[in-house]
Amino acid sequence: MSFFTDLLDTIDQPNAVRLRHLGATADVLKYAPRRLRADAGDQVVERAMADAAYWRQRAFAAETRLRALETRVQQLAKRAQER
């Protein structure tokens, strides 16, 4: 019965879904994966920021390589036209 009471209590709260996933009690959440627990929210944000930084660095490296290739292709095209 406490599960349903907790579920009804969380419906009245504005951030209920974020704080308690669909009214799951603490007993259920302690067996849930860490990424689903409410107290792991900060870790999720940190991981998202780290992922964003990783992809930003990869994009920068890819753009740098593409510019270098473009410059090289232009040099080869110019040399071919001179012949």
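Coordinate-derived values only; no laboratory data. Because the structure is a prediction, the values reported are computed rather than measured. Note: ideal-geometry Cβ built from the backbone for every residue, glycine included; neighbour counts use all protein chains shown.
At-a-glance table
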quantity: Under the Karplus curve 6.51 cos²θ - 1.76 cosθ + 1.60, θ = phi - 60°, whole-Hz ³J(HN,Hα) for the stretch 55-67, x wherever Gly or Pro sits; calculated: 5, 5, 5, 5, 5, 4, 5, 5, 5, 4, 5, 5, 5
quantity: Exposure proxy order (Cβ contacts within 10 Å, fewest to most) of 65, 83; calculated: 83, 65
